[in-house]
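Peer 1: Sharing a structure here in structure tokens format.
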Amino acid sequence: MKILVPIKRVPDPELKVKLKDGAIDLAGASWVVNTFDEYAVETALRLRENAESGESHGEVVVVTIGPDDAGQQLRSALAMGADRAIRIDGEDKALDSRVVAAVLAKVIEAEKPDLVVMGKQAVDGDANQVGQMLAGKLGWPQATFAATVELAADKASLTVGREVDAGVEYKTIALPGVLTVDLRVVAPTSVKNNITPASHSYGTGEGGPRYASLKGIMAAKKKPMEQKSIGDYGVDVTPATRELGVTLPAARAAGQKVADIPTLVKKLVDEAKAL
Amino acid sequence: MGNILAFCEFDGGALRASALSNLSFARQAASAHGGEVIALLIGVGAAAAGPAAAAYAAKVVTVEHGDLGHYLAETYAPIVARLAGEHGAAIVCATATSVGKDLLPRVAALLDAGMASDISKLEGGNRFTRPILAGNAYSTVEVSTPVVCVTVRQSEFAPAEPTGSTGSVSSADAGAIDAKGARIDRVDSQKSDRPELTSAKVVVAGGRGMGNGENFKQLEALADLLGAAMGASRAATDAGMVPADWQVGQTGKIVAPNLYFAVAISGAIQHLAGMKGSKTIVAINKDPEAPIFQVADYGVVTTWEKAVPELIEEIKKVKATR
Ligand SMILES: Cc1cc2nc3c(=O)[nH]c(=O)nc-3n(C[C@@H](O)[C@H](O)[C@H](O)COP(=O)(O)OP(=O)(O)OC[C@H]3O[C@@H](n4cnc5c(N)ncnc54)[C@H](O)[C@@H]3O)c2cc1C
Ligand SMILES: Cc1cc2nc3c(=O)[nH]c(=O)nc-3n(C[C@H](O)[C@H](O)[C@H](O)COP(=O)(O)OP(=O)(O)OC[C@H]3O[C@@H](n4cnc5c(N)ncnc54)[C@H](O)[C@@H]3O)c2cc1C
């Protein structure tokens, strides 16, 4: 099976947000793979491998639309175990979700994957749009916000546990389709592919994406990375969304520590009028 | 000039609280665009809930069909997109619930529309402000397509009040229904008598420091005393102490109650993203350096083992005097 994983680079979410001229100051930002996309790569790898024998049952292709530097994030995905990469040159400013989905739809026409796995949202813009837009454009089914994934033995469908407001919804989609992943998909037994023994556990506790081994990092240097430009795909690339400005939220007024619970309850009643 | 097509979720003959926030945005947008609000109800029971919706919108359109029993983006999106065209919509909106977030970008793709997600404010025209970077910044965007899709952050738009007059209700055809090979097998949910997390006035949330699900029962007793909803951090939900749908935060639910109790929660930015709009925040944590104290209005440095029984005791006393 062939799996395509679109990944986006984001400024390191652990760093403090700074503004410059009414926009996020990205000078000197350090860039990382969007957290959810790292989880998407992990999901794709789990779906195509036999974790106990190590053999591969398919191809994982990672793709990003971004500037030259974004090649580094593709290399990280290759070091985790993806097989090849495509970088489509594009400036962050010239992209919005609609343009990204339109370009990805063309990549999919050319690559013909059986499945697209991606993050449910990019943790910088928090838009949560591209996966659903892409599925809509392609006329494919979508399974968003996946916490668990099971690939059918015949590889023709996926059953996904989706975390929805009311609980967990189990949705089955025929392939080809679009899968977007939530955090818990990297828990030790969240992904089943009917190849890896069902009893297999990926790590312990909360699990997590695999680390690139030294061998993986060395191998990644030799893996193919195709360079393309948006123009190669013949789509309208005018973004429909323009950022007019960014502001920081007002800080909450400093609170107080109170000595004990009776004092707390008294203040909640008299001062905050919250009880 | 253009109308506002508001996709509204309903339950048992009435609109959900989340839909009222969407309608409140839709009214603001209608006055900005000079159009009217059309509430769109799709699914089994839509026709029965139509009259209830007519108290809130000038026009209600219902689409009822036996094959639309369970929400599916694949079957709902084409209906919304078609009706957007038929009703001259300039904006198609929904609340950013798990349904709204799944549906609207797919509708946007079918309409070739630009989209603004999870907005906190309408600035006028097609300009919207929305939180980015886990709520650490707000971005104002302008979307320039003829039709624009919007999801609305429930906690930022007060529920709409009835308009005072009764809107017209009509039904529309579902058209050809094609699930594209998707189906719902089942939904696991825990029925609860507590209020919905996203619209509750009081939320009691616990974190990893609660230790296990059994200990959470004590927090639940506190919640029930206060008529509160239960919330949790990701660490607590990941560890399986409580259901995943209790998670509050960047990737969980966004809440803004009058009163939020954060018990044994450290206060990671991703958790704060989901609750820092609360009016009054109380933190109970044994670590005086826990970041949650930086956003809390009232903090008590103590263990939950000591604090929770005392809280229950003291609140009972207050209630007894009323
Ligand atoms: C300096 C800067 C300026 C910007 N200015 C604007 C602006 O003016 N207007 C505007 O609308 N946006 C702007 N953006 C954000 C824009 O570039 C977003 O990347 C774009 O809107 C799509 O991502 P998203 O955050 O909406 O994706 P989401 O819908 O949140 O992402 C979901 C998934 O889509 C995939 N994905 C998203 N982007 C890519 C990509 N580039 N390549 C491959 N896969 C991807 C990933 O799998 C991701 O997990 C700016 C960003 C930067 C860094
Ligand atoms: C992309 C991404 C998205 C995320 N989204 C979310 C999200 O939506 N929501 C979310 O919550 N997290 C989210 N997280 C996780 C987040 O970063 C934190 O890991 C998580 O919030 C920690 O949960 P916690 O505060 O319960 O646990 P911890 O950080 O382990 O804190 C436990 C606290 O309990 C206190 N404690 C221990 N014992 C006691 C006791 N007996 N009495 C009183 N206090 C005690 C400790 O002092 C400590 O402060 C996300 C992370 C990532 C990377």
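No lab work stands behind these numbers, since they all come straight from the coordinates. Just so you know, these numbers come straight off a predicted model, no measurement behind them. Cβ atoms come from the backbone with ideal geometry, glycine included; neighbour counts cover every protein chain shown.
Peer 1: List the residues whose amide H sits under 5 Å from the amide H of A:THR144, counting only those 5 or more places along or on another chain, with H placed 1.01 Å from N in the peptide plane.
Peer 2: A:THR180
Peer 1: A follow-up question, please. Set Lys and Arg Cβ to +1 and Asp and Glu Cβ to -1, take the dipole of chain B about its Cα centre, and tell me which of B:GLN28, B:ASN258, B:ALA94 lies farthest positive.
Peer 2: Most positive-ward Cα: B:ASN258.
Peer 1: Just how large is the dipole of the stretch A:2-249 about the Cα centre, in debye to the nearest 20, putting +1 at every Lys and Arg Cβ and -1 at every Asp and Glu Cβ?
Peer 2: 380 debye
Peer 1: For chain B, what is the relative contact order in percent, using Cα pairs closer than 8 Å and at least 6 residues apart in sequence?
Peer 2: Over chain B, the number comes to 14 percent.
Peer 1: Could you give me D for the stretch B:50-132, from Stokes-Einstein at 25 °C and 0.890 mPa s, where the hydrodynamic radius is the Kirkwood radius over C-alpha pairs? Units µm² s⁻¹, please.
Peer 2: So the translational diffusion coefficient is about 172 µm²/s.
Peer 1: Same structure, new question: Calculate the dipole size of the protein assembly as shown relative to its Cα centre from +1 charges on Lys and Arg beta carbons and -1 charges on Asp and Glu beta carbons; express the result in debye to the nearest 20.
Peer 2: Dipole about the Cα centre, nearest 20: 680 debye.
Peer 1: Give me a single rounded figure for B:114-125: the average over its residues of other chain Cβ atoms within 10 Å of their Cβ.
Peer 2: For this peptide, the per-residue mean of nearby foreign Cβ atoms is 3.
Peer 1: A:LYS16 to B:GLU123: FRET efficiency via 1/(1 + (r/R0)^6), r the Cβ-Cβ distance, R0 35 Å, to the nearest 0.05?
Peer 2: After rounding, the FRET efficiency stands at 0.85.
Peer 1: What are the aspartates and glutamates whose alpha-carbon lies under 13 Å from the alpha-carbon of A:LYS257, with same-chain residues fewer than 8 places away excluded?
Peer 2: A:LYS257 reaches B:ASP287, B:GLU289, B:ASP297.
Peer 1: Let me ask another. Using helices alone, what [θ] at 222 nm do you get for chain A, with -39,500 (n - 2.57) per DSSP H run of 4 or more residues, divided over all residues and rounded to the nearest 500?
Peer 2: The per-residue figure over chain A is -7500 deg cm²/dmol.
Peer 1: Let me test this: with uniform point scatterers at the alpha carbons of the stretch B:177-322, what is the Debye-based log₁₀ I(q)/I(0) at q = 0.09, 0.12, 0.15 1/Å?
Peer 2: Debye curve over Cα of the stretch B:177-322, log10 I(q)/I(0) at q = 0.09, 0.12, 0.15 Å⁻¹: -0.28, -0.47, -0.71.
Peer 1: Can you pick out the pairs among A:LYS112/A:LYS223; A:LYS16/B:LYS121; B:LYS101/B:LYS276; A:LYS155/B:LYS180; A:LYS2/A:LYS137 whose Cα atoms lie more than 27 Å from each other?
Peer 2: Long pairs (Cα-Cα over 27 Å): none in the table.
Peer 1: Quick one: if the Förster radius is 30 Å, what FRET efficiency do A:SER199 and B:VAL44 give, using the C-beta to C-beta distance and rounding to 0.05?
Peer 2: Working from the Cβ atoms, E equals 0.15.
Peer 1: Still on this model: Once label points are set 7 Å from the Cα along Cα→Cβ at both B:LYS319 and B:ALA14, what is their separation, rounded to one decimal in nm?
Peer 2: If labels sit at B:LYS319 and B:ALA14, their model points lie 2.2 nm apart.
Peer 1: Now, a different point. With charges set only on the Cβ (+1 for Lys and Arg, -1 for Asp and Glu), what does the dipole of chain B come to about its Cα centre, in debye to the nearest 20?
Peer 2: Around 560 debye, computed over chain B.
Peer 1: Okay, helix-only estimate at 222 nm for chain B: each DSSP H run of n ≥ 4 adds -39500 (n - 2.57), divide by all residues, round to 500 deg cm²/dmol; what do you get?
Peer 2: After summing the helix terms and dividing by the residues of chain B, the value is -9000 deg cm²/dmol.
Peer 1: Which angle from 0 to 90°, rounded to the nearest 10, does the C-alpha axis of helix A:97-111 make with the longest principal axis of chain A?
Peer 2: Helix A:97-111 sits roughly 20 degrees off the main axis of chain A.
Peer 1: Taking a threshold of 24 Å on the Cα-Cα distance, which of the pairs A:LYS267/B:LYS253; A:LYS8/A:LYS93; A:LYS106/A:LYS215; A:LYS171/B:LYS253 fall above it?
Peer 2: A:LYS267/B:LYS253; A:LYS106/A:LYS215
Peer 1: Output wanted: per-residue J couplings in Hz (rounded whole) for the stretch B:226-242, from phi through Karplus 6.51 cos²θ - 1.76 cosθ + 1.60, θ = phi - 60°, x for Gly and Pro.
Peer 2: After applying 6.51 cos²θ - 1.76 cosθ + 1.60, I find 8, x, 9, 8, 9, x, 7, 7, 5, 4, 5, 6, 4, 6, x, 5, 9 Hz.
Peer 1: Over the protein assembly as shown, how many percent of alpha carbon pairs lie in each 10 Å bin up to the one with the longest distance?
Peer 2: Going from the shortest bin to the longest, the percentages are 3, 17, 27, 27, 18, 7, 1, 0.
Peer 1: Put a dot 7 Å past each Cα toward the Cβ at A:THR238 and A:ARG84; how far apart are the dots in nm?
Peer 2: With each label point 7 Å from Cα toward Cβ, the separation is 3.5 nm.
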